[in-house]
């Protein structure tokens, strides 16, 4: 980005160019915050309000005045370039950025899940699409379809009502599915704090403060727990990686069991290749660059 708009980068905190002044952050995932250490002090960070709250909590040594929260669809001027932040529909606080200096314009999606109601620019000279399925011809379930699957499993009459139900937590993206299920069906969850890092636990509370209930039967537990304890049963896991495996494509709309007896279901908070194409049709452009 710095070669297009001098002084500006996106999700690039290990940048060594001393002339860069503005660091835009699409969302708080480890592959997007590389270089954003406790000692980071290179410039000003621009992000959503949720992401700023996370930075203030997870990186308290960074000057909070150097982290600017943008409002959805707000346009500000940074380094002589107009920048508009848009909802990325990926996870709490995730954002897309549209840059325009009246000479060139760039749409930078970050990780996003396309929806036909998204507000997009009328055009962009260059589009940077960040995603998992950029080159894989897979049609993923929509978010409502995945939420319906999870809800059906949580309310299955075969489950002993006296026992807890577990939902595997892979990363913050998993919370998008839980929140959608909470909003649509009223299902609340509780975090298994003892198996989580303190940072992850606090970020979960910041991202979705309304959907937690410490008395809920539905327990969110990390799949990659730090103490390496066996996973509890019954547990359902919804991961993009599992959905991408070719042998699972015939089970997109169903809940299955893996060889260990754990329930699996399809879910992704990334756009599939067909959704990328639909987004591009809505936004006339000259160049497209895929980031994987």
> Out of all the residues in region 237-251, is one or more in contact with a strand residue (DSSP E or B) (Cβ under 9 Å, 6 or more places away or on another chain), modelled with pLDDT of 90 or more and not assigned by TED's automatic domain parsing to the domain that holds residue 112?
Replying inline: yes
> Do we have any residue at all in region 149-159 that's under 21 Å from residue 207 (Cα atoms), in contact with a strand residue (DSSP E or B) (Cβ under 7 Å, 6 or more places away or on another chain), crowded, with 22+ Cβ neighbours inside 10 Å and not assigned by TED's automatic domain parsing to the domain that holds residue 49?
Replying inline: yes
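A quick yes/no check of all residues on (1) within 24 Å of residue 292 (Cβ to Cβ); (2) assigned to a strand (DSSP E or B); (3) modelled with pLDDT of 95 or more; (4) touching a helix residue (DSSP H, G or I) at 6+ places or on another chain (Cβ under 8 Å):
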residue	(1), (2), (3), (4)
15	yes, no, no, no
26	yes, no, yes, no
31	yes, no, no, no
85	yes, yes, yes, no
96	yes, yes, yes, no
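Among 111, 56, 63, which is the only one that is closer than 24 Å to residue 204 by Cα and over 19 Å from the mean Cα position of the chain (by Cα)? Walk me through how you get there before you give the answer.
Numbers: 111 fails: over 19 Å from the mean Cα position of the chain (by Cα); 56 fails: over 19 Å from the mean Cα position of the chain (by Cα).
The unique qualifying residue is 63.
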>> Can you find, within region 90-107, the residue that is surrounded by the fewest Cβ atoms within 10 Å (Cβ to Cβ) among those that are more than 14 Å from residue 122 (Cα to Cα) and in contact (Cβ under 8 Å) with a residue 60 or more places away in the chain?
In response: 101
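Yes/no per residue for (1) modelled with pLDDT under 95; (2) in the same structural domain as residue 28 (by TED's automatic domain parsing); (3) touching a helix residue (DSSP H, G or I) at 6+ places or on another chain (Cβ under 8 Å); (4) surrounded by fewer than 16 Cβ atoms within 10 Å (Cβ to Cβ):
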{"residue": "163", "(1), (2), (3), (4)": "yes, no, no, yes"}
{"residue": "174", "(1), (2), (3), (4)": "yes, no, no, no"}
{"residue": "186", "(1), (2), (3), (4)": "no, no, no, yes"}
{"residue": "190", "(1), (2), (3), (4)": "no, no, no, no"}
{"residue": "194", "(1), (2), (3), (4)": "yes, no, no, yes"}
{"residue": "210", "(1), (2), (3), (4)": "no, no, yes, yes"}
{"residue": "214", "(1), (2), (3), (4)": "yes, no, no, yes"}
> Out of all the residues in region 58-81, which are farther than 22 Å from residue 6 by Cβ, in a loop (DSSP other than H, G, I, E, B) and in contact (Cβ under 8 Å) with a residue 24 or more places away in the chain?
Replying inline: 62, 72, 73
> Which members of region 114-143 meet the condition of being modelled with pLDDT of 90 or more and in contact with a helix residue (DSSP H, G or I) (Cβ under 7 Å, 6 or more places away or on another chain)?
Replying inline: 114, 120, 127, 129, 143
> So is residue 280 touching a strand residue (DSSP E or B) at 6+ places or on another chain (Cβ under 7 Å), modelled with pLDDT of 90 or more, outside the structural domain of residue 169 (by TED's automatic domain parsing) and surrounded by 12 or more Cβ atoms within 10 Å (Cβ to Cβ) or not?
Replying inline: yes
> Can you pull out the residues in region 33-57 that are in a helix (DSSP H, G or I) and surrounded by 18 or more Cβ atoms within 10 Å (Cβ to Cβ)?
Replying inline: 50, 51, 52, 53, 54, 55
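The values are calculated or read from the model by the stated rules, or taken from the named source; none is laboratory data. This structure is a prediction, so every number in the text was calculated from the model and none was measured. Cβ atoms come from the backbone with ideal geometry, glycine included; neighbour counts cover every protein chain shown.
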